[in-house]
Structures are given as structure tokens and as C-alpha cells.
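Below: the structure, in C-alpha cells.
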Amino acid sequence: MQAAAPRQVPCPSCRAPALFGAANPWRPFCSQRCRNADLGAWASERFRVPAELPSDDEGSTPPAPPAD
Ligand SMILES: [Zn+2]
């Protein structure tokens, strides 16, 4: 009976088998490189701001049509 068989999971970043256990501080990633790369991608996604985000001042009222 194997009580402490090391589990392996596919690295979310590079899909390589990664050891999922106390021996791998970067779990579920295979390495620190993959972990940092994934966090970096996540952060850039999160902090990406739409180019045409209306400001608070102008967001409540629609833009006035050009008076002619
Ligand atoms: Zn990896």
C-alpha cells in the first residue's frame, strides 16, 4: 500500500507533468518560471483597462449632439 505516492498534475502553464506535493513549492506549476509566467498573465489581464472607458464625470450623461 502506497500511502505517500507523489501525485502529478499537468502544469497549467506549460502542460508538463508537475509534482503535486510538498516537495514542489510551485505546485500546481512545474517550476517557478511557469508560476510567475501564469501570475503575470493573470495580472496583465486583470489590470488591462479598456481604451474607451468613460470617466465618472461623463459616464452619467450621454454626449450632447452637435448643435448646429
Ligand atoms: Zn510548467
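Annotations
- Restricting attention to the stretch 1-11, the residues that are assigned to a loop (DSSP other than H, G, I, E, B) and either at pLDDT 95 or above or within 11 Å of the ligand (Cβ to nearest atom) (or both) total 1.
- Within the stretch 48-67, the residues that satisfy the criterion of being hydrophobic (A, V, I, L, M, F, W, C) and at pLDDT below 70 are V49, L53.
- Hits in the stretch 23-46 (condition: loosely packed, with under 10 Cβ neighbours inside 10 Å and either modelled with pLDDT under 70 or assigned to a helix (DSSP H, G or I) (or both)): S44, E45, R46
- Matching residues, the stretch 12-22, being within 11 Å of the ligand (Cβ to nearest atom) and part of a loop (DSSP other than H, G, I, E, B): P12, S13, C14, R15, A16
The values are calculated or read from the model by the stated rules, or taken from the named source; none is laboratory data. As the structure is a prediction and not an experimental result, all values here were calculated from the model. Positions of Cβ are generated from backbone atoms using ideal geometry, with glycine treated the same way; all protein chains shown enter the neighbour counts.
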